[in-house]
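Below: the structure, in structure tokens.
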Amino acid sequence: MTPILTISQASCDEDVVAAADLIDSRDDNHHPLDRAALAKARLLLLARLDGRLVGCGAIKAGDGEVAELGYLVVASQYRRLGIGARLTQARIDWARAQGIKLLWATVRAENQASRENLLKAGWQFYGDYLSIRGTGNTIGWYVLPLQQGLDIQALMAGPIGSRTPVSQGRGAHG
Ligand SMILES: CC(C)(COP(=O)(O)OP(=O)(O)OC[C@H]1O[C@@H](n2cnc3c(N)ncnc32)[C@H](O)[C@@H]1OP(=O)(O)O)[C@@H](O)C(=O)NCCC(=O)NCCS
């Protein structure tokens, strides 16, 4: 039988803990998860395949018309099946329904899978900036306007803050 994929909002503490455990099981070199911040996410979606948790994705804590996507992880043995794309589209649909005007997300320069996931969902590259953590890492910033005629630069001024733009080496950022 074809496995059934369901995407649903976290509805109890156990869901948040399960998502946090999945995020912490990431096989790449990510920053330690702030579980309290995850618990405050505006939206936390869980993807289950025949009931087994295989992915999650969130819209991070905050309020207002500009929101950040984050915490997207698909368990390594379930990748390239379209689950990440489904989680991203579901978050976009939810944001639009909430009246959010602009979504943004950051992706490390070397994370091709995540970058492609956003570009395929219609996102635009906004710019490369140095990591605010002082690591020297380049972080790619991406935006998805959900309304026409937005002043994206003005809306992004807050999130970007005083970060230093990286002008060269855009290369594969598309
Ligand atoms: C990023 C991630 C969530 C993608 O999940 P996924 O379920 O494998 O993604 P999908 O199957 O929906 O892929 C959608 C598209 O993204 C692109 N993509 C996904 N993985 C890719 C990879 N390894 N290399 C290149 N492109 C990739 C492809 O365009 C793909 O479409 P296609 O399979 O039709 O070619 C997954 O790789 C992951 O969990 N990575 C580790 C955690 C992480 O980096 N999270 C993001 C932090 S910013």
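Computed from the coordinates by the stated procedures, all read-outs in this text should not be read as laboratory data. Note that the structure is predicted; figures quoted are calculated from it, not measured. Because the Cβ atoms are built from the backbone with ideal geometry, glycine has one as well, and the counts that use them run over all protein chains shown.
Descriptive notes on the structure:
- Charge dipole (Cα centre; +1 on Lys/Arg Cβ, -1 on Asp/Glu Cβ; no other charges) of the chain amounts to roughly 320 debye.
- Test item: Cα-centred dipole of the range 101-174, Lys/Arg +1 and Asp/Glu -1 on Cβ, debye: 80 debye
- From most to least packed by mean Cβ count within 10 Å, the peptides 15-27, 48-60 give 48-60, 15-27.
- Cα shape, the range 1-53, gyration tensor, a/c 1.5 rule: oblate
- Gaussian network model of the chain, springs between alpha carbon atoms under 10 Å - residue of ALA39, ALA97, ALA113 with greatest fluctuation: ALA97
- By the rule of a C-alpha distance below 25 Å, with chain neighbours fewer than 8 residues away ignored, the lysines paired with LYS120 are LYS60, LYS101.
- Candidates ALA154, ALA61, ALA37, ranked by Gaussian network fluctuation over the chain, Cα under 10 Å, top entry: ALA154
- Taking amide H as placed 1.01 Å from N in the peptide plane, TYR126 has its amide H under 5 Å from the amide H of TRP141, TYR142, VAL143, each at least 5 places away in sequence or on another chain.
- Cα gyration tensor category, rounded, prolate or oblate, for the chain with a/c compared to 1.5: prolate
- Dividing the summed -39500 (n - 2.57) terms of all DSSP H runs of n ≥ 4 by the residue count of the chain sets its mean residue ellipticity at 222 nm at -8500 deg cm²/dmol.
- Other residues whose C-beta falls under 10 angstrom from the C-beta of GLY55 contribute a net charge of +3, scoring Lys and Arg +1 and Asp and Glu -1.
- C-alpha long axis of helix 13-24 to longest principal axis of the chain, angle in °: 60 degrees
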